[in-house]
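Worksheet: the structure to be examined is printed underneath.
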Amino acid sequence: MADEALARAGLHFDELNKIRVLEPEIATQTNELKEETKEFLDKMSEFQKIVDSFIGLMDNVGGEVEKEKMKAIGSRNLLKSVAQQRQAQQQELQALITEKKIQLERLRIQYDSLLKDEQEQNDFIEQFILQK
Amino acid sequence: MKLKSTLQKQPKHQELVSSVGWTNPDEVYSASDDHQLKSTLQKQPKHQELVSSVGWTNPDEVYSASDDHQVLKWNILNNESTGFWPNCRKMSIRPTCIGSLKEYQGRNKAQMCLCCLLQMSDAYCISTYLGFLNYQSLCKFLLISRTGRVEKSVEAHRGAVLSVKWSYTGSELLTAGEDGQVKIWSRSGMLRATLAQNSSPVYSVMWGPDSDQVLYTQGRQLVIKPVQATAKPNTWRAHDGVILKVDWNPVNNLILSAAEDCKYKVWDNYGRLMYSSNTHDYPITSVSWSPDGELFVIGSFNTLRLCDQTGWSHSLEKPNTGSLFNIAWSSDSTQIAGACGNGQVLFSHVIEKRLEWRNFELLITGRKTIDVRNVNNEAREKLDFRDRIIKVSLAYHHMVVATSSQCYIYSVKNWNTPMIFDLKEGSVTLIRQSEKHFLLVDSSSIYVYTYEGRLVSSPKFVGMRMDILNHHTVSLSDDTIAIRDKNDEKTVNLFETSNGKPLGDGKPFQHSTEIMEIALDQCGLPSERRMTIVDRNRDLYLTQVRVYGNNRKSLKLGTMIQSLVWNDETNMLVALNNGRFTVWYYPNAIYVDNDVLSKTVMTRDASEFGKKPHLLSFIGKQVAIRRAEGSVISTTISPYPSMLHDCVNHNRWDDAVRLCRFVKEDSLWACLAVMAAYAKELSTAEVAYAAIDETDKVQFIQNIKELSRKEARNAEMALFCGQEADGEAILLQSGLIFRAIIINIQLYNWNSVEMARRMKGEQRQRQVERCGPGDRQAGTVLSRWAGMETDWQELT
């Protein structure tokens, strides 16, 4: 009876006969809820950590990808320009070859003239010997 | 930024090149003939933007100006650069060109260098009117001393100043700008004259050799304008594209032009085309003459080409420089600096110059090394020098090497112990050699040394200019130095080699027209020294050196002479004239017997030498000829004339006659005849003249032989050689006055009768009346002297 009267006044006794404002059942549930919430929070923070690290990782990967992409674009451009470079080099080499050819021709003429000169001198020597 | 990225690609580019078997450019060029360039570039460009101009102040110091508002000073010795004149950056000035003032004849020592930078201020405002740009700003040129102090800042042009040049005396400055004006300024920055006003920019200007004319570009045309306001300019269309650069060399007086039509051309000072190059791949952006006028370089995109003064290319280089906007030579003609489009400054020096003399071949392999090869025994010598080699000459058994501080003299017999002496100035511009002496020309004086290294003399005359002397205008023999005067090109100054004093009466030799080339013969007695002169009409004259006043005779030996050389050991002369190859075995014949001269000459067709050949040397019996496209052709002349010279020089007349009998050639007999007549060797002359069927001369000589007195014979021989004055002088000197009179009478030279009158009375009163029976004119004259007695006993 007294319990009921107390209950009406909003007072309860728990198992340890301590006076309580809340009903023991609700109190227990509240405590349980509290526990669960804490657990939930812990899990959430853990999740947060994992997500953070994941995002970091993804960012890294993204950066790498971006870099690689740029590299790829760069090398593609380079590759494209190689043809051009080749052409330029070819032109350069061609110019050098032409130059060499001109020089060769010059030297050939000089060689020919020396040969001719040698021939003339040999003829002269022969003639000289015959005359004696 | 873009430029930078291309530079980062550079190493890759080189890898690509090496993959086709190319390791370094030097190897590629090692097979090149004569000259080539060895270039160095910095690993990283020191300038951030294109280099617009370079300039030398002395052979170790270069200034470069770039669009990145920087002027750098480069030290060639350690290849380091330092910032010069930092205000450039502070004021954000864009220097467009540099005109560096070198020392001229040692006069400007105090103010050794004035670096002239032209500014295109960044603050200039551009407003667009109907699609064309209007430069509002006045652009300045700045005179900056070597210490970096701005001495003068002068507003010069509207729009950028594109070209600036100091005159050769260093007293005037020439500028050209985008506004199409060409202006002359005094040293202190006062405007002297505005030479031209064009509608289009003038990209390049240059002084003429005497600083009295100016060459500038006008679109596709070149204009030579005299500095005097009234004189008419000479304008000609030179290229099919806009002309970008011109240069005019004072030594050879040739003009170079480079244009957007990808060609470079060489012109003479009248605007006649001497050479036109093939079309290149890119526009030619720069040209520059070497100060000695022997070489020039052209620059284009990734291209540097070294050419001979006649236009053909010595070597081609493909450095990674971008366009070469400006090229400058150092004053000693051995190094160049190039302003590159990619911010680099290119440095090159000329190597692989090849010299030959008899069995020795000499190759300058590096800046400080020479390889000498004896072809006969394949002995090789490697000569190292302390300093940079500037000039080398090899002739007459000696090699003379001038470095930037010393002169080395080697004998070809001994390559180990040269004679060495210090040079006063390190800028030798010319070396000439003779049998016993050699001559050095530097920027202040001419020095003559013996091969022992002893200074013999240093000839001087008023108005001597060293910077334009070349091997055409200076000639040296063992006893005489000849230097053509620059102020009056008709005169040649002659000096005694041994003491440097003017010859004889001290008066220079005068010719009727401008002289282009002079050359002295090398052998024989000093009194018989002869000099050849090629004048403006390309006529060849032979003149006596040691005959003075009116007696000196210049006789015309040939016409249309392209090139000529004296032999080094006999007085033979070889020339290319009008498509013929001509050898004068004995040029002196023109003074002895002009009729026979043509027989002493060997001439043949020169078509095998191509167009415009040029004689290089005439050593022994070997003639070397350079064809227009650069190849060297050697040809040999008959050995007999030099043998004959040898016999005659040693007075072995019998041997000479025997030689001629053996050879049986008219030319040789003719030479002998003339030589004998000149030496008054009557019997030899008689034989020789008989051999070439000159009956009248044989008879004359026989008559002379019958004369008993030596003087009389000599006089008659002088007459025979056409030297009446000499003959008369001989006779008068030895007292044979009557004979002198008769000679004059025979020559119908009646004035000389007066001379006879002046003679001593008693001699005059001799024997004249009966001397010329049958000769009517003589008779009439003699009748005037009637009553004179004749003493035939005294007559001989």
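Tabulated values for the structure
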{"item": "Restricting region B:670-754 to chymotrypsin sites (Phe, Trp or Tyr not before Pro) in coil, as DSSP defines it, with at most 15 other Cβ within 10 Å", "result": "B:Tyr748, B:Trp750"}
{"item": "In nm, spacing of pseudo-spin labels at A:Glu118 and B:Asn578 (7 Å Cα→C-beta vector)", "result": "3.7"}
{"item": "Sparsely packed trypsin sites (Lys or Arg not before Pro) within region B:553-660, loop by DSSP, other Cβ within 10 Å at most 16", "result": "B:Lys553, B:Lys611, B:Arg652"}
{"item": "Loop-located GluC sites (Glu not before Pro) in region B:495-550, at most 14 other Cβ atoms within 10 Å (DSSP)", "result": "B:Glu514"}
{"item": "Under the Karplus curve 6.51 cos²θ - 1.76 cosθ + 1.60, θ = phi - 60°, whole-Hz ³J(HN,Hα) for region B:254-260, x wherever Gly or Pro sits", "result": "9, 10, 10, 9, 10, 9, 6"}
{"item": "Euclidean distance between Cα centres, region A:71-96 to region B:657-671, Å", "result": "71"}
{"item": "Normalised contact order of region B:308-391, rounded percent, pairs of Cα under 8 Å and 6 or more residues apart", "result": "16"}
{"item": "Computed [θ] at 222 nm, helices only, for the protein assembly as shown once each DSSP H run of length n ≥ 4 contributes -39500 (n - 2.57)", "result": "-9000 deg cm²/dmol"}
{"item": "Label point distance in nm, A:Ser75-B:Asp478, each placed 7 Å from Cα along Cα→Cβ", "result": "7.8"}
{"item": "Residues B:Gln197 and B:Ser171, FRET efficiency given R0 of 25 Å [Cβ-Cβ distance, rounded to 0.05]", "result": "0.55"}
{"item": "Nonlocal amide H pairs with B:Ser288, under 5 Å, H built at 1.01 Å", "result": "B:Val297"}
{"item": "Isotropic mean projected area of the C-alpha convex hull, region A:2-131 (nm²)", "result": "19.3"}
{"item": "Dipole axis of the protein assembly as shown (+1 Lys, Arg; -1 Asp, Glu on Cβ), positive-most option in B:Leu747, B:Tyr63, B:Gln522", "result": "B:Leu747"}
{"item": "Nearest-0.05 FRET efficiency for A:Ile97 and B:Asn487, computed from C-beta distance (R0 45 Å)", "result": "0.35"}
{"item": "Fraction of accessible area attributable to carbon and sulfur, region A:2-131 (%, probe 1.4 Å)", "result": "60"}
{"item": "Which of A:Gln94, A:Met58, A:Ala27, positive extreme of dipole for region A:2-131 (C-beta unit charges)", "result": "A:Gln94"}
{"item": "Distance (nanometres) between label positions extended 7 Å along Cα→Cβ at B:His397 and B:Thr82", "result": "5.0"}
{"item": "Anisotropy class of region B:330-454 from Cα gyration tensor, a/c 1.5 cut", "result": "oblate"}
{"item": "Of B:Thr570, A:Tyr111, B:Cys262, farthest towards positive along the dipole that unit charges on Lys, Arg, Asp, Glu beta carbons give the protein assembly as shown", "result": "B:Thr570"}
{"item": "Gain in span if fully extended, B:Ser445 to B:Val242, counting 0.36 nm per residue against the direct Cα distance", "result": "69.0 nm"}
{"item": "Per-residue ³J(HN,Hα) for region B:377-386, Karplus 6.51 cos²θ - 1.76 cosθ + 1.60, θ = phi - 60°, Hz, x for Gly and Pro", "result": "10, 6, 6, 10, 10, 10, 9, 10, 10, 6"}
{"item": "Net lengthening on full extension, B:Gln699/B:Arg272 (0.36 nm per residue, minus Cα-Cα)", "result": "148.3 nm"}
{"item": "Additional length obtainable on full extension of the chain from B:Glu381 to B:Asn594, 0.36 nm per residue less Cα span", "result": "71.8 nm"}
{"item": "Radius, Kirkwood style, for the protein assembly as shown when every pair of distinct Cα atoms is counted (Å)", "result": "33.8"}
{"item": "Region A:2-131: relative contact order in percent, alpha carbon pairs under 8 Å with at least 6 residues between", "result": "7"}
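The values are calculated or read from the model by the stated rules, or taken from the named source; none is laboratory data. The structure displayed is predicted, hence computed values, not measured ones. No Cβ is skipped: glycine too gets one built from the backbone with ideal geometry, and neighbour counts run over all protein chains shown. To get the accessible areas, we keep the full protein, side chains included, count just its heavy atoms, and leave off ligands, DNA and RNA. Shrake-Rupley method; radii C 1.70, N 1.55, O 1.52, S 1.80 Å.
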